[in-house]
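Trainee: Sharing a structure here in structure tokens format.
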Amino acid sequence: MVDRVGQTLTAAKAKFAAAAKPFAKPDRPRPPPALAPLAGNFTSPVFGRATARPQDNAQVLELAETGAQLALEPWDGEVFTVRLLPTGRFAAMVANTGDEPGGFAQFEADKDGKLAVLRITFGDGQAYGFRRD
């Protein structure tokens, strides 16, 4: 007799462990930059206008069009993990899918050294740029 439920559970656990592995913090993460200078208004050709603001120990990026809020949490130096917050109409989705990180974000400096671009790359490899207004 084959334990199909046990096999399915084992496969699901392996899948979730593999998905979480890239987001495991490094053993000795570099300190994050100060959050206040990262705040501001941004625009993406895909997502439209967005506002970044410090909240607790993270930077929260709120997308104006949908109201979605993404927590950018320090991971290693200037690299942050991205996690959808369970707010508004996204609360049910996060409850169903979990609140694990789904990507990485990094603020990039322009040629003048100003933090002009926020680049978010999701787990599927799709990257989006947000240019500071």
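The values are calculated or read from the model by the stated rules, or taken from the named source; none is laboratory data. It should be emphasised that the depicted structure is a prediction, and the values quoted were computed from it without experimental measurement. Neighbour counts run over all protein chains shown; Cβ positions are idealised from the backbone, glycine included. Calculation scope for accessible area: heavy atoms of the full protein, side chains included, ligands and nucleic acids excluded. Shrake-Rupley method; radii C 1.70, N 1.55, O 1.52, S 1.80 Å.
Trainee: For the residue pair residue 79 and residue 109, what label-to-label distance in nm results when each label sits 7 Å from Cα along the Cα-to-beta-carbon direction?
Mentor: Label at residue 79, label at residue 109, 1.9 nm between them.
Trainee: A follow-up question, please. What's the longest bit of the chain with no exposed trypsin sites (Lys or Arg not before Pro), using DSSP loop states and at most 16 other Cβ atoms within 10 Å as the test?
Mentor: Formally, the longest exposed-site-free interval is 1-110.
Trainee: Provide the per residue accessible area, probe 1.4 Å, for the chain, rounded to a whole number of square angstrom. Before the final figure, lay out the partial values.
Mentor: Numbers: 8530 Å² over 133 residues.
Spelled out: the 1.4 Å probe surface of the chain, per residue, equals 64 Å².
Trainee: How large, in percent, is the carbon and sulfur part of the accessible surface of the stretch 26-74 at a probe radius of 1.4 Å?
Mentor: In the stretch 26-74, the share of accessible area belonging to carbon and sulfur is 53 percent.
Trainee: Note the angle between two axes, namely the Cα long axis of helix 4-20 and the longest principal axis of the Cα atoms of the chain, as a number of degrees from 0 to 90, rounded to the nearest 10.
Mentor: Once rounded, the angle reads 20 degrees.
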